[in-house]
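**Q** Would you mind keeping the following structure in view while I ask a few things?
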């Protein structure tokens, strides 16, 4: 979130959000009443962290001035109420089709997402490779997860958090989205052995051959 940055960097990000065509070092120095050197130091650090990027140049009396703007990573630091919208959507669907109907819909969504992801990737050479690929996707989505094997050769993914936790507490049917996606992506049967929404310490998924 934007609150994790220094006050000056927050100000710079907000100014760039307001100015989609980009701002120059002089623009920022004038807006914030600080030196151009101080602005350069902030921009250098923020560009290194891929929060901002160079958008081009603006003609001036002398050398063209560089324009800076938000990169995708910087834009994502501003609040977005995805969870609020998701809850509204799930509640509306629940009222319309009930628990069983909602379960069926999120299962289909999970299967469709899995097929879309698979169509963009090289087919895995083994079940373990597919599960490792799945875990990489989960980490990208915000899970703190890892693949584990026990002495019997059984394969699990264990997650220390749930990106849908608040939503799943109100609509546990949402868990079926993950299970359907995992099953379709890895072509295995999934056993949801432990679930944080049901009081577990982790979410643990066991993969069984179909």
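**Q** At a temperature of 4 °C and a viscosity of 1.567 mPa s, determine how fast region 1-44 diffuses translationally according to Stokes-Einstein, using the Kirkwood radius over alpha-carbon pairs as Rh; express D in µm²/s, rounded to the nearest whole number.
**A** 122 µm²/s
**Q** How many nm separate the modelled label positions at residue 60 and residue 139, each set 7 Å beyond the Cα in the direction of the Cβ?
**A** Calculated label separation equals 4.3 nm.
**Q** Report the FRET efficiency, 1/(1 + (r/R0)^6), for residue 109 and residue 150, where r is their Cβ-Cβ distance and R0 is 30 Å, rounded to 0.05.
**A** Rounded to the nearest 0.05, the efficiency is 0.45.
**Q** Further question: Express the relative contact order of the chain as a whole percentage, based on alpha carbon pairs under 8 Å and six or more residues apart in sequence.
**A** 16 percent
**Q** In nm², what is the average projected area of the convex hull enclosing the Cα atoms of region 2-75?
**A** Numbers: hull surface 18.8 nm².
Mean projected area of the Cα convex hull: 4.7 nm².
**Q** Quick one: order 109, 46 by neighbouring beta-carbon count within 10 Å, fewest to most.
**A** Final ranking by Cβ density, sparse to dense: 109, 46.
**Q** Enter the angle in degrees (range 0 to 90, nearest 10) between the Cα long axis of helix 127-140 and the first principal axis of the Cα atoms of the chain, meaning the one along which they spread out most.
**A** With both axes taken from Cα atoms, the answer is about 40 degrees.
**Q** Using alpha-carbon pairs under 8 Å, 6+ residues apart, how would you state the relative contact order of region 92-184 in percent?
**A** Answer for region 92-184 is 40 percent.
**Q** Any chance you could give the angle, 0 to 90 degrees and rounded to 10, that helix 175-186 forms with the longest Cα principal axis of the chain?
**A** On a 0 to 90 degree scale, this one is about 90.
**Q** Multiplying the sequence separation of residue 201 and residue 170 by 0.36 nm and subtracting their Cα-Cα distance, what value in nm do you get?
**A** 9.3 nm
**Q** Show me the ranking of peptides 117-130, 181-194 by mean Cβ neighbours inside 10 Å, starting with the highest.
**A** Packing proxy ranking, top to bottom: 181-194, 117-130.
**Q** Right, something else. Mean 1/r over all different Cα pairs, inverted: what Kirkwood radius does region 82-209 give, in Å?
**A** Every distinct Cα pair counted, the radius reaches 15.2 Å.
**Q** Now for a separate question. Most mobile of 44, 99, 86 per a Gaussian network model of the chain (Cα springs, under 10 Å)?
**A** In this elastic network of the chain, the residue with the biggest mean-square fluctuation among 44, 99, 86 is 44.
**Q** Sticking with this structure for a sec: Expected output is a single nm value to one decimal: the length gained when fully extending between residue 21 and residue 87, i.e. 0.36 nm times separation in residues minus the C-alpha distance. What is it?
**A** Using 0.36 nm per residue and subtracting the Cα-Cα distance, I get 20.3 nm.
None of the figures in this text is laboratory data; all of them are computed from the coordinates on show. The structure displayed is predicted, hence computed values, not measured ones. Please note: Cβ atoms are built from the backbone with ideal geometry, for glycine as well, and neighbour counts cover all protein chains shown.
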